[in-house]
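**Q** Dumping the structure here so I can ask a few things about it.
The values are calculated or read from the model by the stated rules, or taken from the named source; none is laboratory data. Bear in mind the structure is a predicted one, so any value in this text is a computation, not a measurement. Neighbour counts run over all protein chains shown; Cβ positions are idealised from the backbone, glycine included. In case anyone asks, the SASA skips ligands and DNA or RNA and just uses the protein heavy atoms, side chains included. Shrake-Rupley method; radii C 1.70, N 1.55, O 1.52, S 1.80 Å.
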Amino acid sequence: MEAKKIIYSGIQPSGVITLGNYVGAISNWLELQKSEDTQCIYSIVDMHSLTVRQDPAELRKRTLSFFAQYLACGLDPDKNIMYIQSHVSEHAELCWILNCFTYVGEASRMTQFKEKSAKHADNVNMGLMDYPILMAADILLYNTSLVPIGIDQKQHLEMARDIAARFNNIYGDVFTVPEGYIPTTGAKVMSLQDPTSKMSKSDPDENATIMLIDDNDAIRRKIKRAVTDSDSRVYLSDEKPGIKNLLTIYASCNGISLEDAEKACTDMNYGTFKTAVADSVVNVLEPIRNRYLDIVGDKEYIMKVAREGAERAKSIAFRTMRKVYKKVGFVER
Ligand code: ATP
Ligand code: LTN
């Protein structure tokens, strides 16, 4: 029997899971989990989120809430390996090894490092620079073939590929060199208040993002307030980023193309259009929120799933580390 192809991805428990994360990441994961030929591994990368300051109690609560949201979206723990990154110590171990095969120059050239250093100028810590190497460790620990990510993470994936290839070049075929999977339909959702920048988990303006667990009134209110333009016709144009974003959201929530969304909405005025967009979002998010509310109070259940996931992850990661330690010349314990 041929081994299953491994798919790996993760989200940091920072801020709140947004409609952008759902459309750009989680909805693709839901599709990928359907195949019998793949093993999907989805983590909550809490170690990555420590690269910016976190309140410990908040981080703990948020990590569990994110886990509940993964489950509420329909990610199935019987099909996927779902776990919390810090529960599998091999991530930190492999990160150290890979650090020794990464050049300071290449890490400091990463766009995200430069952007986050500028944004958090008072806390440019080593972890910020090490972020993509820890991400490479996440991926390489599991012999991952495919990594579903948003376009913003493409540079980090390239770096993981470079590190894997460099290591293999020295020690023989140890790591699978992963491919990125950036679905072309996986639209990028933009901020409702500034449609030229992406909807972001950690945006402090709560009107800019739709949270996965927003109630229906909040969803409707935020869409009603979404920035558009002084025109009154609904059509696709780069000059109309607000309308384009609402059409993107409408298309994603109805599972249709952007062009079909434009056709469906072109005769509407802005008021009617916004109501139609809000209805589509509510249709998708309401059942997720209801499942979330059922799950989130049941900490025992969440922890049971997380523990089982970590055990399964660990059994793969442990084997990779044994091989890596042997290759680099560490004495076996
Ligand atoms: P932060 O604001 O904390 O940087 P983020 O919202 O950018 O977070 P990430 O944790 O960086 O979220 O990303 C998780 C996944 O969701 C990634 O695959 C990313 O590409 C995807 N994603 C994030 N924001 C959007 C968006 N607005 N539209 C589509 N996909 C997105
Ligand atoms: N940096 C990623 C999150 C992430 C990730 C990973 C994604 C951490 N480790 C491994 C895929 C595979 C992001 O999307 N911001």
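**Q** If you place +1 on the Cβ of every Lys and Arg, -1 on the Cβ of every Asp and Glu, and leave all else neutral, what size is the dipole of the chain about its Cα centre, to the nearest 20 Debye?
**A** Computed charge dipole of the chain: roughly 680 debye.
**Q** Which aspartates and glutamates have a Cα less than 16 Å from the Cα of Lys244, not counting those fewer than 8 places away in the same chain?
**A** Asp194, Asp229, Asp231, Glu259, Asp260, Glu262, Asp267
**Q** Where does each of 86-96, 103-113 land if you order them by average Cβ count within 10 Å, highest first? Display every interim value, and only then the final one.
**A** Values: 86-96: 18.7, 103-113: 13.4.
Ranking, from highest mean packing down: 86-96, 103-113.
**Q** Moving to a separate point now. Just to be sure I understand: if I project the alpha-carbon convex hull of the range 1-105 onto a plane and average over all orientations, what area do I get in nm²?
**A** The orientation-averaged projected area of the Cα hull of the range 1-105 comes to 8.7 nm².
**Q** In Å and on Cα atoms, what radius of gyration and Dmax does the range 231-333 show?
**A** For the range 231-333, the Cα radius of gyration and maximum Cα-Cα distance read 24.2, 71 Å.
**Q** Once neighbouring chains are kept in place and the probe is 1.4 Å, which whole percent of the accessible area of the chain is contributed by carbon and sulfur? Kindly include the intermediate steps, with their values, before the conclusion.
**A** Numbers: 8330 of 16480 Å².
Carbon and sulfur together cover 51 percent of it.
**Q** Counting pairwise Cα distances across the range 1-62, what percent come out greater than 16 angstrom?
**A** Tail of the P(r) past 16 Å holds 55 percent of the pairs.
**Q** As a test question: what accessible area, to the nearest 10 Å², does Phe175 have when a 1.4 Å probe is rolled over all protein chains in place?
**A** It works out to around 10 Å².
**Q** Calculate the all-directions average of the projected area of the chain's alpha-carbon convex hull, and give it in nm².
**A** 18.5 nm²
**Q** While we're on this one: Using a 1.4 angstrom probe on the protein heavy atoms only, could you order Thr209, Thr228 from most to least accessible area?
**A** Thr228, Thr209
**Q** Between Asp152 and Lys299, what FRET efficiency comes out of the Förster formula 1/(1 + (r/R0)^6) with R0 = 45 Å and r the beta carbon distance, rounded to 0.05? Don't skip to the answer; put the middle values down first.
**A** Numbers: r = 32 Å, r/R0 = 0.72.
In this case the efficiency is close to 0.90.
**Q** How much length would be gained if the chain were fully extended between Ala3 and Trp96, taking 0.36 nm per residue of separation minus their Cα-Cα distance, in nm to one decimal? Don't jump to the answer; show the numbers that get you there.
**A** Numbers: separation 93, 0.36 × 93 = 33.48 nm, distance 2.81 nm.
Between Ala3 and Trp96, full extension yields 30.7 nm more.
**Q** Check cross-link reach from Lys304 to the aspartates and glutamates: straight Cα distance under 17 Å, and skip same-chain residues fewer than eight apart.
**A** Result set, ordered by chain and number: Asp76, Asp78, Asp294.
**Q** Translational diffusion coefficient of the range 126-276 at 10 °C, 1.306 mPa s, Stokes-Einstein with Kirkwood Rh over Cα pairs, in µm²/s as a whole number.
**A** 89 µm²/s
**Q** Among Lys61/Lys154; Lys5/Lys314; Lys116/Lys198, which pairs are too far apart, with a Cα-Cα distance over 20 Å? Intermediate values should be presented prior to the final figure.
**A** Working: Lys61/Lys154 30 Å; Lys5/Lys314 18 Å; Lys116/Lys198 15 Å.
As for pairs spanning more than 20 Å Cα to Cα, those are Lys61/Lys154.
**Q** Accessible area per residue for the range 47-122 in Å², computed with a 1.4 Å probe and the full protein assembly in place, what is it? Present the calculation step by step, with values, prior to reporting the outcome.
**A** Details: 3750 Å² over 76 residues.
It amounts to 49 Å² per residue over the range 47-122.
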